[in-house]
Amino acid sequence: MKQALPKCHTVGQDISPYMVNFAKKRVDEIYCGNAAEPKIADGTADVVFVRFINSEVLKAVVARKMVHPLLRSLKKGGYMVIFGHTPVLVSAADLLMDTGLKIDRCIGGDPKWDGVFQYYVCHKV
């Protein structure tokens, strides 16, 4: 993000102290903590990247609950990008139900690797 938009202010949060230490050189602010309790104020984020709500990390019921606190941090018109290295544990229905999100894109493919992958790019309405 900083390479593409050098003037943007980036904030990271991870539950792993190791990942927080790793990210220190890559973001303007970094916090160690659970994503269910975002460290930034509600309505202040232009973009929220979510990379942990997949089957290798959380149970589906927990993953669904994690989206709502993160959504609160988005500005109206802000984007939420959700992806993972395994299937994402929230469905399009989960995202559209009472969240104020509109899904712009999901499900991608790569002919080079002959594969399909799941992701969501949404914006807050």
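Stokes-Einstein D for the chain at 4 °C, 1.567 mPa s, Kirkwood Rh over Cα pairs, in µm²/s?
In µm²/s, the coefficient rounds to 85.
Rounded to the nearest 10 Å², what accessible area does V81 show when all protein chains are kept and the probe is 1.4 Å?
30 Å²
Percent of accessible area on segment 26-125 owned by carbon and sulfur, 1.4 Å probe?
57 percent
From the residues A63, A92, Q13, which one has its Cα farthest along the dipole of segment 1-124 in the positive direction, the dipole being from +1 and -1 charges on Cβ of Lys/Arg and Asp/Glu about the Cα centre?
Q13
Per residue, what accessible area does the chain have, given a 1.4 Å probe and all protein chains present, in Å²?
Per residue, the chain has 65 Å² of solvent-accessible surface.
Beta carbons within 10 angstrom, averaged per residue: use that to sort the peptides 106-118, 67-79, 36-48, 16-28, highest first.
Ranked from most to least packed, the peptides come out as 67-79, 36-48, 16-28, 106-118.
Obtain the nm distance between the two label points defined at A36 and A93 by a simple spin-label model: each point lies 7 Å from its Cα along the Cα-to-C-beta direction.
Using points 7 Å along Cα→Cβ, the separation is 2.4 nm.
The values are calculated or read from the model by the stated rules, or taken from the named source; none is laboratory data. Since we're looking at a predicted model, the values are computed, not measured. Every residue, glycine as well, gets a Cβ built from its backbone with ideal geometry; the counts of neighbours run over all protein chains shown. Heads up: the accessible areas ignore ligands, DNA and RNA and are worked out on the full protein's heavy atoms, side chains in. Shrake-Rupley method; radii C 1.70, N 1.55, O 1.52, S 1.80 Å.
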